[in-house]
Structure formats: structure tokens, C-alpha cells
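Input: a single structure, listed below in C-alpha cells.
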Amino acid sequence: MSNRKKLGILGGGQLGKMLSMAAGPWHYPIHMLDESVDFPAGPYSMGFTEGSFKDYEAVLAFGRQMDVVSIEIEHVNTEALEQLEKEGIIVHPAPRALKIIKDKGLQKQFYTQHEIPTSSYQLFDTEDELRAAIKNGQLTFPFVQKSRTAGYDGKGVALIKDAEALSKLLPGPSLIEELVDIEKELSVVAARNESGEVATFPLVEMEFNEEANLVEFLLCPARVAEDVAIEADQLARKVIEAFDICGLLAVELFWTKSGEILVNEVAPRPHNSGHHTIESCLTSQFQQHLRGVLNLPLGSTQATSPSVMLNLLGEPGHTGPAHYQGFEDCLAIDGVYIHLYGKEITKPFRKMGHITILGNSAEDAIAKAMKVKGLLKVISQSS
Ligand code: ADP
């Protein structure tokens, strides 16, 4: 039956788990490929294949059993996805878009080609070339260096302020960006289907944990003037069309102190900046991704309440079996929704879960979120 296409997802982490849960109300057959059924999506999947989504043969064998293949992580074997596409399997996002997105250098060139505003940049293949460019004045401090292919969650990003910071240089081919004077970091989660329908979720603003370089606090709707929200929304629509993506595309933006809106990077899958939609919008980003990749009508993205999303990170100084201190106290607060990813071992700053907090106003949601932040801690059982 055309509305029961067998859907396979590469990746079985927390995003896979939440995708499976979004498919639950439709009792939709969705299958996962990842290394261990003990990963977060394992207990929630109708079918779980153990194998590596980086491995050509594993992805091919898994995909051949599906009608539609999608992802919950970018670092998958794109050659296998291209082969699956040739064999008539529907693959979303399209492998050609995924190849560009996986390489931050190609992503930047794509923005230039499509006249999508982004910070100025240079590409270097080696550290020697980069150091030579500094010597001859082609590259000046400060700058931001990003690993072209190895980064995620801020791990492949180095801020090089001066010559002393050169010891922090990342190895391998890299993208160098000017250091942007950021007023606010914003995000729009957009969605599209094969029929060409596009929908965007309301604009969110992000606050970073400097030490962990991870989003720690996210507010929706963002506290910006309406014209900024409209411009961000239009830009996200332009970007998803340019990439020809079906399913979700999270568009991370910098709103600069001089008033420009620049695209930082994109992710063609459910995104941290869309987690709050589970409770705060008429359709969640996870169900929207399913609608997008299965070419079903997109759902309403209307927000029903202001919300804050907190990432629940492993407490610094704690490594070992996870224990959730303050869990019950937080459940006693109205409008607090705790999501635990079921990872057995906590480590400093490991993403262990997230919490969505709904409020009558942004201020109300922020005040409750601060309370939750003080109460809920992921510690190791032994300590
Ligand atoms: P990742 O893919 O690891 O999430 P990002 O490219 O999003 O990496 O960078 C992580 C964070 O580093 C951003 O959210 C922002 O806070 C900061 N950052 C990245 N690029 C720049 C830049 N060009 N100027 C200033 N800050 C930046």
C-alpha cells in the first residue's frame, strides 16, 4: 500500500528513538540500522538491524529491504545511498545534498554558488598551507577553524585568537571562517516533501555552554523583532529549496551585531533546536520528518505555547552509570517534560537527555527552566 512504505533510518541514537516514537501513533513500520540494539532507539523500533551505517555493504543490505531510506545522523555511507537510489529505493535527504552537507567546505561553496549569505571563508588542505597563509598575510587573526568532515557538536571547531592559540589548530583539511560578531544564534527547522510543500517551525534562539561548546538552552519563539524572524524564515525556505531536500533541514543562523542574518550550517535531519516541538507545536519535528520523507502532507507547525529546551548534559566530574538526581522534583512542576535517552554511562557533557519546559510567557518558561536546571543533574551512581 502506498501509504505504508517501509521506512529505514540510518542511525539508532536518541533522534532515531524520537522518530520511532513519532511513528507510533500511526503504527508505522520503521526500521533502524546501528551498531547495537542497546542504543537509544533499540527498544522503540519495530525492526532493528545491528550493523554500521558507515559500512557500504551494511547500508546496501539494509536499504534493499526498504522502500524509503532516511537518516538521523549525517556521517553515513553516501556511496551506498547513491547505489540504493540507482536501484529505485527512495532516499531522503538526496545523497548528492548529503555529500555537500557532510563537508563544511563544500557546504560553504554551495552557499556562495546559490547567493545564500554566510560568513567569509577560506579552505586549506593542510596545516602547513594554513601557517603559510598566516605568514604571508593572506589570513589574519582572529579566525575560526573547522574540520571539513570530522566535526559535530562543536568538537571540530577551534577559535584561533592569536599566534599563541595556533597550538589548538585542528589537523587535516579545514575551513577557516572570519570570527562573526554574533548578536544571537538562531535556528529554523524547515521541512519539505516531494510534492514541493514547504513548512517552517517558529524561529528559535540558542544559548551556548561555552565550556562544552554545546547548545544548552533554547527558547521558542526567539525574542527578536518581527522583521528578523521573517528574514530568517525566508532564508531557511531558500536554503531547503536550494538543497532540494525532502524531510527536515535545520538551518543554523547567526544574527550579527550589524543586523545581517548569515547561514552557519545545516543539518538534514531532526535537530536539537527542534526538540521542543514535541510538546510545544501542533506537529513535532519528528513527525514532520516522517511526513517529509514519505511525501505525506506536512503538519501545522503552529506553536501552542512559549517553550524552553534544556539539554541534559552529564555533570562535569562524573563518569559511570547514570543516576538522575532531582527527577521526581522536576516532574512535580507543571509543564516540565523530561526526555531521557537511556544511555547507561554518563560522562562530562555527554548528551543524556533533554527537558522541554512550557510557560505562559517566555519569562515564565525561562524562570521554570532555571529552576529545573538547578534541580536535575546527571551524576554517576558511585559518587
Ligand atoms: P558544529 O557543527 O560542531 O555544531 P558549528 O559550526 O555550529 O559546529 O560551530 C559551533 C559553535 O561555534 C557555533 O554555534 C558558534 O557558537 C561558534 N561559531 C562557529 N562559527 C563561528 C564563526 N564564524 N564566528 C563566531 N562563532 C562561531
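The values are calculated or read from the model by the stated rules, or taken from the named source; none is laboratory data. It should be emphasised that the depicted structure is a prediction, and the values quoted were computed from it without experimental measurement. Note that each Cβ is placed from the backbone with ideal geometry, even for glycine, and that neighbours are counted across all protein chains shown. Accessible surface is based on the protein model in full, side chains and every heavy atom, while ligands, DNA and RNA are left aside. Shrake-Rupley method; radii C 1.70, N 1.55, O 1.52, S 1.80 Å.
In percent, rounded to a whole number, the relative contact order of the chain is 13, using alpha-carbon pairs under 8 Å and six or more apart.
Each of SER300 and ASP128 was given a label point 7 Å from its Cα along the Cα-to-Cβ line. The distance between the two points is 6.2 nm. Cα gyration tensor of region 106-201, axes a ≥ b ≥ c as square roots of the eigenvalues: rounded (a/c below 1.5), prolate (a/b > b/c) or oblate? Here region 106-201 falls in the prolate category. Surface composition of region 1-97: carbon plus sulfur atoms contribute 52% of the solvent-accessible area (1.4 Å probe, protein chains only, all chains present). If you count Lys pairs in region 1-123 whose Cα atoms are under 30 Å apart, skipping same-chain pairs closer than 8 places in sequence, the total is 25.
What translational diffusion coefficient, in µm²/s and rounded to a whole number, does the Stokes-Einstein relation yield for region 26-119 at 20 °C and a viscosity of 1.002 mPa s, taking the hydrodynamic radius as the Kirkwood radius over Cα pairs? D = 148 µm²/s. Expressed as a whole percent, the accessible surface of region 100-185 that belongs to carbon and sulfur atoms is 51, based on a 1.4 Å probe.
Could you calculate the contour length gain from LYS6 to TYR56, that is, 0.36 nm times the residue separation minus the distance between their Cα atoms, to one decimal place in nm?
The LYS6-TYR56 span can extend by a further 16.0 nm.
With 0.36 nm allotted per residue and the present C-alpha distance subtracted, the LYS99-GLU241 stretch has 49.5 nm of extension available.
Rolling a 1.4 angstrom probe over the protein heavy atoms, how many square angstrom per residue are accessible across the chain?
On a per-residue basis, 43 Å².
Taking the charge dipole of region 271-352 about its Cα centre, with +1 at Lys and Arg Cβ atoms and -1 at Asp and Glu Cβ atoms, the residue from LEU290, GLY342, GLY320 reaching farthest to the positive side is LEU290. Averaging over all projection directions, the Cα-based convex hull of the chain occupies 19.5 nm² in the image plane.
Run a plain Debye calculation on region 214-290 (Cα atoms as equal point scatterers, no solvent) and give log10 I(q)/I(0) at q = 0.17 Å⁻¹, rounded to two decimals, same order as the q list. Evaluating at q = 0.17 Å⁻¹ gives log10 I(q)/I(0) of -0.73. Summing charges over all other residues whose Cβ lies under 13 Å from the Cβ of ILE116, with Lys and Arg as +1 and Asp and Glu as -1, gives -3.
The dipole here belongs to the chain: it is taken about the Cα centre, uses +1 on the Cβ of Lys and Arg and -1 on the Cβ of Asp and Glu, and is about 560 debye. Mind grabbing the base-10 log of I(q)/I(0) for region 266-383 at q = 0.12, 0.15 Å⁻¹? Debye formula, identical points on the C-alpha positions, no solvent, two decimal places. Computed log10 I(q)/I(0) values: -0.49, -0.72.
Across the accessible surface of region 309-365, with the other protein chains kept in place and a 1.4 Å probe, carbon and sulfur atoms take up 49 percent.
The alpha-carbon of LYS368 sits under 19 angstrom from the alpha-carbons of these lysines, leaving out residues fewer than 8 places away in its chain: LYS377.
Where does the charge balance sit around LEU169 when Lys and Arg score +1, Asp and Glu -1, over other residues with C-beta under 10 Å from its C-beta?
+1
Measuring between their Cα centroids, region 239-305 and region 43-111 lie 19 Å from each other.
Within the shell defined by Cβ-Cβ distances under 14 Å, the residues around GLY12 carry a net charge of -1, with Lys and Arg each +1 and Asp and Glu each -1. Using 18 Å as the cut-off for backbone N distance, which residues of region 120-145 belong to the label zone defined by a point 7 Å from the Cα of ALA163 along Cα→Cβ? Residues 128-143 qualify, since their backbone N sits under 18 Å from the label point.
Note on LYS161: lysines with a C-alpha under 16 Å away, same-chain residues under 8 apart excluded, are LYS135, LYS146. What are the lysines whose alpha-carbon lies under 20 Å from the alpha-carbon of LYS371, with same-chain residues fewer than 8 places away excluded? Straight-distance partners of LYS371: LYS351. Normalising the average separation of contacting C-alpha pairs (under 8 angstrom, six or more residues apart) by the number of residues puts the relative contact order of region 321-365 at 36 percent.
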